[in-house]
Amino acid sequence: MKKWITLLTAMILAVALVASPAAAADKKMVVGSKNFTEQRILGEIMIQLLQKHGFETVDKTGLGGTLVARTALENGQIDVYMEYTGTALVTMLKEKEVITDPQACYDFVKKADLERNGLVWLPMMPFNNTYCLMMREDDAAAKGIKTLSDLSAYVKEHPDAIRFGTNEEFYARPDGYKPLQKKYDFKFPRDKIIKMTPGLLYKALNEGDIDVAMGFATDGRIKGFNLVVLEDDQNFFPVYNPAPVVKKETAEKYPELASIFAPLAEKLDTETMTAFNYAVDGEHKAVKDMVAQWLKEAGLI
């Protein structure tokens, strides 16, 4: 009897040793992101949380713009990335009506993207990284510009006085430059529109190479460079709260994903995200180390 028990125990251990690597290998997520600082940070947060919960991860952060990341998800090249509610509303779902309430926008996008595209939106982050237009604080004060309506009036009176900096994506987006100038009834001359990568825009604005630039409301360089965000007084921009997005089959395969990311909805507020962005862009901290320290301090890993 003892021999049979010993043999049975050995067989069970052998099966466990063989099965465990296969099970671990099956629990795998390819994590993507767009190619700007905040997205890389959000991607790294997801990577480290997934690893904490036993997932093998593949890092494909920094893919490119919105359409690149979305296409990668739809094609199965990545399993998850963080998307913004307002971006999905106008760019993917092509809705014309702007939703300015964060929860209402999330609820609409979550329902519509699942029904139309088979994509599942996991818990939403509380911060709103809306697009914005920025100026140097002293220059805006000298020109008397506080709102986008003020900017419109100034451009009409001084059509050649403002050099506008933008990236390619914002220039072409349905919630970007062209509909914005239509909403506020102004237009920069073509030779005054300067296109560059998002990272260079803040530096160019700070150094006086351009006078107005598109930006992201949670970017830490706004404070670091003493820039001012012009008030969107006609409520053009929708809200942009991020959430992890996965295919329906991924959500069904790993139902624990919602609970893994849910704590971020309590911890990742505007102040925290702005500080993260500044730490990377302004203080040149390593994304991976900064994220690991925060997750530990927040009790998430």
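The values are calculated or read from the model by the stated rules, or taken from the named source; none is laboratory data. The model shown is predicted, which means the values in this text are computed figures rather than measured ones. Methodologically, a virtual Cβ is constructed for each residue, glycine included, from the backbone with ideal geometry; neighbour enumeration extends over all protein chains shown.
Cβ-Cβ contacts under 6 Å between residues 6 or more apart (or on different chains), taken from a first residue in the stretch 126-147 that is within 19 Å of Phe276 (Cα to Cα) to a second residue that is among the hydrophobic types (A, V, I, L, M, F, W, C) and not in a loop (DSSP other than H, G, I, E, B), are listed as Phe127/Met273; Asn129/Phe216; Cys132/Val229. In the stretch 41-63, what count of residues is obtained for those that are in a loop (DSSP other than H, G, I, E, B) and not hydroxyl-bearing (Ser, Thr, Tyr)? Looking only at that region, the number is 5.
Please tell me if Asn117 is at pLDDT below 95 and among the polar types (S, T, N, Q). Here the answer is no, as Asn117 does not meet what is asked. Close Cβ contacts (under 8 Å, 6 or more residues apart or on different chains) running from residues in the stretch 73-96 that are surrounded by fewer than 18 Cβ atoms within 10 Å (Cβ to Cβ) to residues that are assigned to a loop (DSSP other than H, G, I, E, B) comprise Lys94/Pro174. Condition first: assigned to a helix (DSSP H, G or I), farther than 24 Å from Asp219 by Cβ and either of a type in the set (A, V, I, L, M, F, W, C) or outside the structural domain of Ile41 (by TED's automatic domain parsing) (or both). Now tell me which residues in the stretch 73-129 satisfy that. Within the stretch 73-129, Leu73, Ala104, Phe108, Ala112, Leu114 qualify. Checking each residue in the stretch 36-61 for being small (Gly, Ala, Ser) and more than 11 Å from the chain's Cα centre (by Cα) picks out only Gly54.
Scan the stretch 84-101 and give yes if some residue there is closer than 16 Å to Val120 by Cβ and among the β-branched types (Val, Ile, Thr), otherwise no. Yes, that holds for at least one residue. No other residue among Ala140, Ala112, Ala104 is of a type in the set (Gly, Ala, Ser), in contact with a Lys or Arg (Cβ under 8 Å, 6 or more places away or on another chain) and more than 22 Å from Lys178 (Cβ to Cβ) apart from Ala140. If you go through the stretch 168-200 and pick out every residue that is modelled with pLDDT of 95 or more, in a helix (DSSP H, G or I) and either farther than 30 Å from Leu93 by Cα or aliphatic (A, V, I, L, M) (or both), you end up with 3.
May I ask you to verify whether Thr71 is farther than 27 Å from Leu295 by Cα, out of contact with any strand residue (DSSP E or B) (no Cβ under 9 Å at 6 or more places or on another chain) and at pLDDT below 95? So Thr71 does not fit the description; no. Where helices (runs of 4 or more DSSP H) fall entirely within the stretch 236-301, those with at least 2 residues that are assigned by TED's automatic domain parsing to the domain that holds Gly43 and without any contact (Cβ under 8 Å) to a residue 24 or more places away in the chain are at 248-253, 287-297.
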